[in-house]
Amino acid sequence: MRLVVLVSGSGTNLQALLDACADPAYGAVVVAVGADRDGIEGLARAERSGLPMFVCRLADHPSREDWDRALADAVAEHDPDLVVLAGFMKLVSEEFLDRFPTVNTHPALCPAFPGTNGPGDALAYGVKVTGATLFVVDGGVDTGPILAQVAVPVEADDTVEVLHERIKVSERAMLVETVGRMAREGWSVDGRSVRIG
Ligand code: GAR
């Protein structure tokens with residue numbers, strides 16, 4: 001399964017996929033990495049792996065629609081079977097989603113705490129358990145059919161950063177395991193139900 005991975009930051013989820021894909025038995029290969037900004041560690045990781053990269057910045061396009069189309073065209077050049085949003089901090093359009101099956105990993109237990117501050121919102125709410133969710137992207141904000149979830153405890157003295165790092169340890173394992181199973185066993189969506197295998 002050919003993966004195009006989109007990132008906006010440090011790219012540790014991308015790195016976990018790259019490490020898994022080094023084993024041919026994993027069943028998937030990252031064919032390109034895209035970003036919405038320059039100078040991020042996620043792109044440096046792609047460069048170190050010798051992968052094709054592209055950057056598509058919103059500010060370089062006259063409208064969000066133009067940006068989205070340019071992003072989709074850049075993705076299409078690599079002919080992915082699946083697009084993985086791995087810390088990509090932008091929403092993509094329905095047109096984008098019509099072109100590529102797309103999954104996203106989110107650092108909270110959906111449908112709780114959608115958006116860009118999942119760990120901070122969970123901490124502020126005072127939950128004792130949060131986690132991460134891998135889902136098939138639809139037109140909403142972190143609303144798509146759920147592929148996998150992992151629970152992570154919130155500890156008494158957590159800061160947002162400490163909590164997010166704890167979530168990311170489990171999140172990376174969930175992402176690698178689930179994408180690998182999708183690649184090896186196939187997957188289908190029926191309403192809100194996703195079946196792997
Ligand atoms: C991950 O925790 C991912 O779930 C989150 O950004 C982090 C990226 O970490 N994404 C979102 O919050 C999207 N709403 P990474 O760059 O080290 O993989």
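Could you please let me know if ASP158 is away from the ligand (no atom under 13 Å from the Cβ) and either over 14 Å from the mean Cα position of the chain (by Cα) or acidic (Asp, Glu) (or both)? Against the criterion (away from the ligand (no atom under 13 Å from the Cβ) and either over 14 Å from the mean Cα position of the chain (by Cα) or acidic (Asp, Glu) (or both)), ASP158 qualifies.
If you go through the range 93-112 and keep only what is away from the ligand (no atom under 12 Å from the Cβ) and within 13 Å of the chain's Cα centre (by Cα), you end up with PRO101, THR102. So, GLY115, is that one on the phi > 0 side of the Ramachandran plot, crowded, with 19+ Cβ neighbours inside 10 Å and within 13 Å of the ligand (Cβ to nearest atom) or not? Judged against the criteria, GLY115 is not a match. Annotation: ARG181 fulfils all but one of (1) in contact with a Gly (Cβ under 9 Å, 6 or more places away or on another chain); (2) charged (D, E, K, R); (3) in contact (Cβ under 8 Å) with a residue 40 or more places away in the chain; the unmet one is (3). Quick one: which of VAL103, VAL141, VAL189, VAL176 is assigned to a strand (DSSP E or B) and in contact with a Leu (Cβ under 8 Å, 6 or more places away or on another chain)? Result: VAL103 is the single residue among VAL103, VAL141, VAL189, VAL176 that is assigned to a strand (DSSP E or B) and in contact with a Leu (Cβ under 8 Å, 6 or more places away or on another chain). Within the range 168-177, the set of residues being in contact with a strand residue (DSSP E or B) (Cβ under 7 Å, 6 or more places away or on another chain) and buried (at least 20 other Cβ atoms within 10 Å of the Cβ) comprises GLU171, MET174, LEU175.
Could you tell me whether the range 1-8 includes any residue that is within 16 Å of the ligand (Cβ to nearest atom) and more than 19 Å from the chain's Cα centre (by Cα)? Break it down stepwise before answering.
At the first step, the residues of the range 1-8 found to be within 16 Å of the ligand (Cβ to nearest atom) are 3-8.
Restricting the remaining residues to those that are more than 19 Å from the chain's Cα centre (by Cα) gives none.
No, the range 1-8 has no match at all.
The selection criterion, being farther than 20 Å from LEU3 by Cβ, touching a residue at least 12 places away in the same chain (Cβ under 8 Å) and not in a helix (DSSP H, G or I), holds for PRO114. Applying the set (1) within 19 Å of ARG181 (Cβ to Cβ); (2) within 16 Å of the ligand (Cβ to nearest atom) to MET53 leaves exactly one unmet item: (1). For the subset of the range 118-155 comprising residues that are within 13 Å of the ligand (Cβ to nearest atom), surrounded by 17 or more Cβ atoms within 10 Å (Cβ to Cβ) and among the hydrophobic types (A, V, I, L, M, F, W, C), which member is farthest from SER193 (Cα to Cα)? Once the filter is applied, the top-ranked residue is ALA122.
No value in this document is a laboratory result; all are computed from the given coordinates. A quick note: this is a predicted structure, and the numbers were derived from the prediction, not measured. We place every Cβ from the backbone using ideal geometry, glycine too, and count neighbours over all the protein chains shown.
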